[in-house]
Amino acid sequence: MQAFSMSAPSIDLESMTKKELLALANDLGIEGLNDRMLKADIIKRIKEGL
């Protein structure tokens, strides 16, 4: 499993699929996201959660 930096993620969130983003958010413990959300909103929430 890849380690995540709290200050600067080393992964390109923009290149990930919505399904991958939701799985990442789940792994990071970020709640309240779903597949009906815009990809940009999911990315925003992940960045806020880091």
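The values are calculated or read from the model by the stated rules, or taken from the named source; none is laboratory data. Just so we're clear, the structure is a prediction, and the values are computed from it rather than from any experiment. Protein only, heavy atoms only, side chains kept; ligands, DNA and RNA dropped before computing areas. Shrake-Rupley method; radii C 1.70, N 1.55, O 1.52, S 1.80 Å.
Quick check: with the 1.4 Å probe, what order do 36, 45 take by accessible area, largest first? Walk me through the numbers before you get to the answer.
Numbers: 36 190, 45 80 Å².
So, going from the largest accessible area down, we get 36, 45.
Need the full-extension length gain, residue 47 to residue 26, defined as separation in residues times 0.36 nm minus the C-alpha distance. One decimal, nm. Show your work: numbers first, answer last.
On the way: separation 21, 0.36 × 21 = 7.56 nm, distance 1.32 nm.
That works out to 6.2 nm of additional length.
Contour minus end-to-end for residue 34 and residue 15, with contour as 0.36 nm per residue of separation and end-to-end as the Cα-Cα distance?
On the way: separation 19, 0.36 × 19 = 6.84 nm, distance 1.82 nm.
The span from residue 34 to residue 15 would gain 5.0 nm if fully extended.
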